[in-house]
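Notes follow the structure.
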Ligand code: GLV
Ligand code: MN
Ligand code: MN
């Protein structure tokens, strides 16, 4: 194939990939905006739609015990290694249409780009059921299943309606007893994830594609400030135990800690007050905390500081505070060999690779526990994500496809991707 043909094909696949992201975004729990949480009804439509793209490739999609969509594109040799390519299919509320979905759509586009060719290794397309942590406050349920990290503590977590993870799985018609079969076997040799950058760095350096060196560690916690609900008109200011004012002071302390710690980001993204009326002093405030840093010690120190601040502020105001840690995920370096291969592929399709950290969490950080994992980032216009204005340029998607196809060919001669009998 000539260079012009390759470029034209990548452009055609990119246009289809963007259209497919739009189609997937039409399957939502909310009218007028995109929200698709773990095993929610529209996830079935998404599965059906993706299965219809895979069928012409001769691939049969299956849904595993935690709702991940999985399908295998066989290798030339049945004893071959298997490369996983994918991302997640769940979204945040009022989401953009590319976070996660683009990675799954691009996995399918790469297989289409092979035009019937099979490689020395198999490729498993994977659409993870849950990465965002919206429904149960715990992210990565989909990828945790592949590394054997679905435990009773996770299965017993409940959503806002009181349903547990286990119940959600059963209600979707899945069989938890099969969960052991989801864990990756020795044939899985690597994981590759395409994802929008979700930040302004690539745009700022003027590059279409980036390669992730490491993914920042993150801690997610809940803080509950308890005071005394009382009448807003009759209770003098000096005789109040206002949980809202305490939480507000703490939120500013969170911001201050992050601003004073280079590289740290800390967010109180959700606050719920009880009873939640204009003329009632808040008796209880529940707030979430999300803290991230590429250095685990710095993150742990900041979490300690933020927790101490909540105690100090509560004590000074006659409130109490309880703290619950939902998740503590260390920073994860990506596989050095794959990173180097990706950089070479980006370079060979005429782009300048940019090595960068990821502040966002990704399924790759979980898969890295079991297989060499790596990520390719696509430039995100205006750096906006987790918002309906999230976008990509078709030209950058086409470059990602060209780079992906180049990478698949490069890996065909790499020792890690050879049939079992030839592997070291
Ligand atoms: C996933 O989007 C995250 O919160 O990092
Ligand atoms: Mn994502
Ligand atoms: Mn996200």
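Brief remarks on what is shown
- Expressed as a fraction of 2.2 N^0.38 Å, the C-alpha radius of gyration for the range 159-276 is 1.69.
- The order of the peptides 284-296, 143-155 by mean Cβ neighbours within 10 Å, most packed first, is 284-296, 143-155.
- The base-10 log of I(q)/I(0) for the range 1-145, evaluated at q = 0.10, 0.19 Å⁻¹, reads -0.35, -1.11 [Debye formula, identical scatterers on Cα atoms, solvent excluded].
- Debye-formula intensities of the chain, expressed as log10 I(q)/I(0) at q = 0.13 Å⁻¹, are -1.13 (one equal scatterer per alpha-carbon, no solvent).
- Rg/Rg_ref, the range 262-338, where Rg_ref = 2.2 N^0.38 Å and atoms are Cα: 1.44
- Cα-based radius of gyration of the range 37-113 once divided by 2.2 N^0.38 Å, which approximates compact folds: 1.15
- Stretchable slack from residue 252 to residue 340, in nm (0.36 nm times residue separation minus alpha-carbon distance): 27.5 nm
- Distance from the Cα centroid of the range 350-365 to that of the range 57-89 is 23 Å (rounded to whole angstrom).
- One chain, two ends: residue 315 and residue 295. Fully extended at 0.36 nm per residue, the span grows by 4.1 nm beyond their Cα-Cα distance.
- Geometric extent, Cα atoms of the range 292-424 - Rg, Dmax (angstrom): 20.9, 68
- log₁₀ of I(q)/I(0) at q = 0.21 Å⁻¹ - the range 99-200, Debye sum with one point per alpha carbon: -1.20
- In the range 109-148, the inverse of the mean reciprocal separation of distinct Cα atoms equals 12.4 Å; this is its Kirkwood hydrodynamic radius.
- Tail beyond 22 Å, pair distance distribution of the range 212-283 (Cα, percent): 39 percent
- Sorted peptide list for 411-418, 92-99, criterion being average Cβ within 10 angstrom, highest first: 92-99, 411-418
- Whole-percent pair-distance distribution, where bins are 5 Å wide, for the alpha carbons of the range 348-395: 4, 14, 20, 23, 18, 15, 5
- With the highest mean first, a sort of the peptides 178-185, 264-271 on other beta-carbon atoms found within 10 angstrom per residue produces 264-271, 178-185.
- Rounded to the nearest 5, the antiparallel percentage of DSSP beta bridges internal to the chain is 65%.
- The range 157-228 shape via C-alpha gyration tensor axes, a/c threshold 1.5: oblate
- Value of D in µm² per second that Stokes-Einstein yields for the range 1-72, Kirkwood Rh from Cα pairs, at 37 °C (0.692 mPa s): 234 µm²/s
- Gained length - residue 355 relative to residue 15, 0.36 nm times residue gap less alpha-carbon distance: 119.8 nm
- Fewest-first ranking of 250, 53, using other Cβ atoms within 10 Å as the exposure measure: 53, 250
- Cα gyration tensor category, rounded, prolate or oblate, for the range 200-336 with a/c compared to 1.5: prolate
Read-outs: derived from the displayed coordinates by stated rules, not from any lab. None of these values were measured; they are calculated from a predicted model. Glycine gets a Cβ as well: all are built from the backbone with ideal geometry, and neighbour counts include every protein chain shown.
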